[in-house]
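One structure below.
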Amino acid sequence: MCSSDLSPALSTVVGRGYDFDAVWTVKNISGKTWETGTLDYKYIRGTELHKFEKLYDLNQEVKSGDKVEIRVDMLAPLTPGTYTTNWALVRGGNVICDLPITIIVK
């Protein structure tokens, strides 16, 4: 249903307490337009790195073949280690696109 690119890159090394934005560029390859207000992006599992909400509305239409940028404000833990958080583009209870990110805190 989609393809995505992530910034920062998967398994990026960051400092303790580093404030960053996870940015996914998601391409709609479903063959159908994603209508305004019909999709959400939400935290689904893993380490809770997000600073604010766990759920956001995707408030724009995305035609098949077009891309949309999804941004979530995040904060790295203070303890060194490897952390993964999983977000998803969802319609109701159905996952349209998985949006994972892994960081390494030094």
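Laid out as a table, the results:
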quantity: One residue from SER64, SER30 being open to solvent by 50 Å² or more (accessible area, probe 1.4 Å), of a type in the set (S, T, N, Q) and in contact (Cβ under 8 Å) with a residue 24 or more places away in the chain; calculated: SER64
quantity: Hey, LEU55 at pLDDT 95 or above, open to solvent by 70 Å² or more (accessible area, probe 1.4 Å) and more than 15 Å from the chain's Cα centre (by Cα) or not; calculated: no
quantity: Residues (in contact with a Cys (Cβ under 8 Å, 6 or more places away or on another chain) and open to solvent by 10 Å² or more (accessible area, probe 1.4 Å)) located in the range 77-96; calculated: ILE96
quantity: Any hit, the range 84-102, residues being of a type in the set (A, V, I, L, M, F, W, C) and not in a strand (DSSP E or B); calculated: no
quantity: Filter result for THR79 (among the polar types (S, T, N, Q), closer than 18 Å to ARG91 by Cβ and assigned to a loop (DSSP other than H, G, I, E, B)); calculated: no
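The values are calculated or read from the model by the stated rules, or taken from the named source; none is laboratory data. These numbers come from a predicted model, not from an experiment. Cβ: placed from backbone, ideal geometry, glycine included. Neighbour counts: every protein chain shown. Accessible surface areas use protein heavy atoms only, side chains included; no ligands, DNA or RNA. Shrake-Rupley method; radii C 1.70, N 1.55, O 1.52, S 1.80 Å.
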